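The values are calculated or read from the model by the stated rules, or taken from the named source; none is laboratory data. From a predicted model like this one, the values you see are computed outputs, not experimental measurements. Glycine gets a Cβ as well: all are built from the backbone with ideal geometry, and neighbour counts include every protein chain shown.
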Amino acid sequence: MKTEIVKIDPARPEPEKMEYCGAVIRYGGLVAFPTETVYGLGANAFDAKSVGNIFEAKGRPGDNPLIVHVANYETALRAGRFSSEHQQELFYALGARFWPGPLTMIIHRKDIVPYRVTCGLETVGIRMPANKVARELILRAGVPIAAPSANLSGRPSPTRASHVIEDMKGRVDVIIDGGDCEVGVESTVVDLCGTEPVVLRPGFVTKEDIARVAGQCGEFDWRFNEGAVDRPPSPGMKYRHYAPGAEMILYEGNADDVAGTIRHRISEEKSLGKRVGVLATQEHICYYKDADAVLSLGPAKDGAEHARALFDSLRQFDARGVDVIFAESTGCEGVDDAVMNRMFRAAGGKTEKAFG
Ligand code: AMP
Ligand code: MG
């Protein structure tokens, strides 16, 4: 398949180009597009066949549902419906605070949304992105856009157009190059189908942020190993994900112990002839001069920067051909909960306690 790459100004999306890309979606094509979280791979959410092509292009497992992207509430309610007044109130209260933005809300599905989107579920995840190119694309398409992240299934999510081109060139109709994603990790997924909102996947909007609006907010404990849970509430949680080619191990413990342990592990692996990568906070990269590639996640306290840097760093390790990656844990405060969730899964659950 020939893939067209369309460069669009993220600050002022050119109307003719947006109209063209919208038409590609409307007529059944696949378009990769920037959002503030990560790049998405979009199709007309009401067209089961086009949506099926997304799974094909990504190699995505058939039981991992897609998020429906909308530009306004009217379109959101073409796809979703409320099963109680309580749910409706929560939806509008959270929407008023966090939309447009990196929050996906799960409500009940309307029949017009094909099961191909929800993977057979009676619920649907809906998000209103803030990114101008994404909004314009949805408006021009005239339909909501079903979209997962625009990476090959299992690989780190794309936060730059070059990542999408790497994975998707030759597999989709259009790739929009609209600059880098500001947030860098996927949206927070919150389930509004129970008595209290429950965060199924952490993201930039934290469960504390949601609790401040909703009064309370539960969370699904993402720290389970592959296979330990048969039916996680959010189907995508059961796959090894976001993964670089190299083996990855996450080190937890106090900062000094982590640095000491990783230094020790670097020399062990190097003596075996392995190429070693380290993913560390800005303050710590000086400790790892013996590694083959050391990448910074940003200052220790800057969760938002960690989120922005993570997926690009994982792809850089691949490009630099390392065999093993040692990553410092960031802790789980605020946005770092989302960062740790992605690192944990990129490592396939492999965490080790640093020794003192
Ligand atoms: P991706 O856009 O690739 O990050 O994938 C979207 C994720 O949203 C999926 O992996 C699911 O975990 C979650 N999701 C989407 N729709 C639903 C739903 N109806 N119920 C639970 N989780 C959902
Ligand atoms: Mg994804």
ask   = Quick check: anything in region 145-153 surrounded by fewer than 20 Cβ atoms within 10 Å (Cβ to Cβ) and within 15 Å of ligand 2 (Cβ to nearest atom)?
value = yes
ask   = In region 214-224, is there at least one residue being modelled with pLDDT of 95 or more and in a helix (DSSP H, G or I)?
value = yes
query = So, of the residues in region 60-100 that are part of a helix (DSSP H, G or I), charged (D, E, K, R) and out of contact with any strand residue (DSSP E or B) (no Cβ under 9 Å at 6 or more places or on another chain), which turns out to be nearest to ligand 1 (Cβ to nearest atom)?
reply = 78
query = What number goes with the only condition from (1) surrounded by fewer than 22 Cβ atoms within 10 Å (Cβ to Cβ); (2) assigned to a strand (DSSP E or B); (3) under 17 Å from the mean Cα position of the chain (by Cα) that residue 108 does not pass?
reply = (3)
ask   = Taking residue 57 and the conditions (1) out of contact with any His (no Cβ under 9 Å at 6 or more places or on another chain); (2) within 14 Å of ligand 2 (Cβ to nearest atom); (3) assigned to a loop (DSSP other than H, G, I, E, B), which numbered condition does it fall short on, given that it satisfies the others?
value = (3)
query = What do you reckon, is residue 141 more than 16 Å from ligand 2 (Cβ to nearest atom), modelled with pLDDT of 95 or more and buried (at least 18 other Cβ atoms within 10 Å of the Cβ)?
reply = yes
task = State which residue is surrounded by the fewest Cβ atoms within 10 Å (Cβ to Cβ) when the search covers only region 117-134 and only residues that are away from ligand 2 (no atom under 16 Å from the Cβ) and polar (S, T, N, Q).
result = 123
query = Do you know which residues across region 317-335 are of a type outside the set (Val, Ile, Thr) and touching a Pro at 6+ places or on another chain (Cβ under 9 Å)?
reply = 317, 318, 332
ask   = Only one of (1) closer than 19 Å to residue 252 by Cβ; (2) touching a helix residue (DSSP H, G or I) at 6+ places or on another chain (Cβ under 9 Å) is not met by residue 301, so which one is it?
value = (2)
message = Consider region 254-304. How many of its residues are surrounded by fewer than 17 Cβ atoms within 10 Å (Cβ to Cβ) and among the hydroxyl-bearing types (Ser, Thr, Tyr)?
response = 2
request  = Quick one: in region 160-211, of everything that is among the polar types (S, T, N, Q) and away from ligand 2 (no atom under 16 Å from the Cβ), which residue is modelled with the lowest pLDDT?
outcome  = 195
task = Within region 2-52, work out how many residues are within 16 Å of ligand 2 (Cβ to nearest atom) and either more than 22 Å from residue 315 (Cβ to Cβ) or at pLDDT below 95 (or both).
result = 2
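Per-residue answers, yes or no, for (1) of a type in the set (D, E, K, R); (2) modelled with pLDDT of 95 or more; (3) under 26 Å from residue 204 (Cα atoms):
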residue: 250; (1), (2), (3): no, yes, yes
residue: 261; (1), (2), (3): no, yes, no
residue: 265; (1), (2), (3): yes, yes, no
residue: 301; (1), (2), (3): yes, yes, yes
residue: 308; (1), (2), (3): yes, yes, yes
residue: 323; (1), (2), (3): yes, yes, no
ask   = What is the number of the single condition among (1) surrounded by fewer than 21 Cβ atoms within 10 Å (Cβ to Cβ); (2) touching a residue at least 40 places away in the same chain (Cβ under 8 Å); (3) in a helix (DSSP H, G or I) that residue 316 does not meet?
value = (2)
request  = For region 27-41, enumerate the residues that are part of a loop (DSSP other than H, G, I, E, B) and touching a residue at least 60 places away in the same chain (Cβ under 8 Å).
outcome  = 29, 30, 34, 35, 36, 37, 38, 39
task = State which residue pairs qualify: first residue without any contact (Cβ under 8 Å) to a residue 60 or more places away in the chain and among the aromatic types (Phe, Trp, Tyr) and inside region 128-150, second residue assigned to a loop (DSSP other than H, G, I, E, B) and more than 14 Å from ligand 1 (Cβ to nearest atom) in any location, beta carbons under 6 Å apart, and separation of 6 or more residues or different chains.
result = none
